[in-house]
Amino acid sequence: MAKRQDDAANKGTSGEKKFDKHDKKPERREKARSVKGIVRLGNIDIDGGLPVMRAIWQVKGIGPTLASVLGDIICQTLGIDPKMQLGDLTEVQIEQIIEILSNPAKYGVPAYFLNRQRERDSGEAHHLIGNDLVFATHQDIEYEKESFTWKGFRHAYGQKVRGQHTRTTGRKGMAVGVLRKGLIKPVEAPAGAPGAPVAPGAAGAAAPKGPTVKAGASLAAGAKPEAKKDAKPAQK
């Protein structure tokens, strides 16, 4: 009897039951479990709390301009809110997003938005994302090297390819510094080398070779210097 009176007190004049905050807790917990914290998209892990428009920007090969275009297409195709979190989507919806990111031309995206506008083999335009883009870029560089083009040589030597200046930028390898002219110390030549400074006190140590001439005397033109008396006769 007392229980019936409590139930009647909880009901309003229209017979509806009053709101109880404890009744919503199980539903709230179940919804929290359904939201994914990490979503795999384009071979990378993306935070599930990001909006869809911002989440697709994290994929390699999708820039901000293309992300805004693809975001509108995704929202119209899937019928979702642009501010909806990526973790709230189902597995089927995520697969559809990957399909749109991989083939944007199929959904009406112009060719000038794609990163492979003129394929070398087929000449067609398509878009690559994730690891496929990294592999294709590596293959293009190797093709330039094997073809011995100027870009290939620049890639091989690790230099800039698109005509940038390299005097003050792009320095790699050994440490390169800027030396002032006044701070450069001159390199001294080793002792005995031509042009080396003579040590003090060693000016008269080495006697000059050749005939000795008395002071004040001069040799006549074509005259031979006198030989020493103790010189041995030349052997025949």
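At a glance:
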item: Residue match in the range 107-127 (condition: hydrophobic (A, V, I, L, M, F, W, C), modelled with pLDDT of 90 or more, more than 28 Å from Ala156 (Cβ to Cβ) and over 28 Å from the mean Cα position of the chain (by Cα)); result: yes
item: Condition check for Leu128: of a type outside the set (Gly, Ala, Ser), in contact (Cβ under 8 Å) with a residue 40 or more places away in the chain, out of contact with any Asp or Glu (no Cβ under 6 Å at 6 or more places or on another chain) and not in a loop (DSSP other than H, G, I, E, B); result: no
item: Residue count for the range 45-104, restricted to those that are among the β-branched types (Val, Ile, Thr), farther than 22 Å from Arg116 by Cα and outside any helix (DSSP H, G or I); result: 3
item: All positions within the range 135-170 that are under 15 Å from the mean Cα position of the chain (by Cα), surrounded by 11 or more Cβ atoms within 10 Å (Cβ to Cβ) and in a loop (DSSP other than H, G, I, E, B); result: Gln159, Lys160, Val161, Gly170
item: Tabulated pairs, the range 92-110, first more than 18 Å from Gln58 (Cβ to Cβ), second surrounded by 15 or more Cβ atoms within 10 Å (Cβ to Cβ) and among the small types (Gly, Ala, Ser), C-beta under 9 angstrom, 6+ apart or interchain; result: Ala105/Ala125
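Here's the yes/no breakdown for (1) modelled with pLDDT under 90; (2) aliphatic (A, V, I, L, M); (3) over 24 Å from Leu133 (Cβ atoms):
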site: Leu41; (1), (2), (3): yes, yes, no
site: Pro51; (1), (2), (3): no, no, no
site: Gly63; (1), (2), (3): no, no, no
site: Gln76; (1), (2), (3): no, no, yes
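The values are calculated or read from the model by the stated rules, or taken from the named source; none is laboratory data. This is a predicted model, so every value here is computed, not measured. Cβ coordinates were reconstructed from backbone atoms using ideal geometry, including for glycine residues, and neighbour counts include every protein chain displayed.
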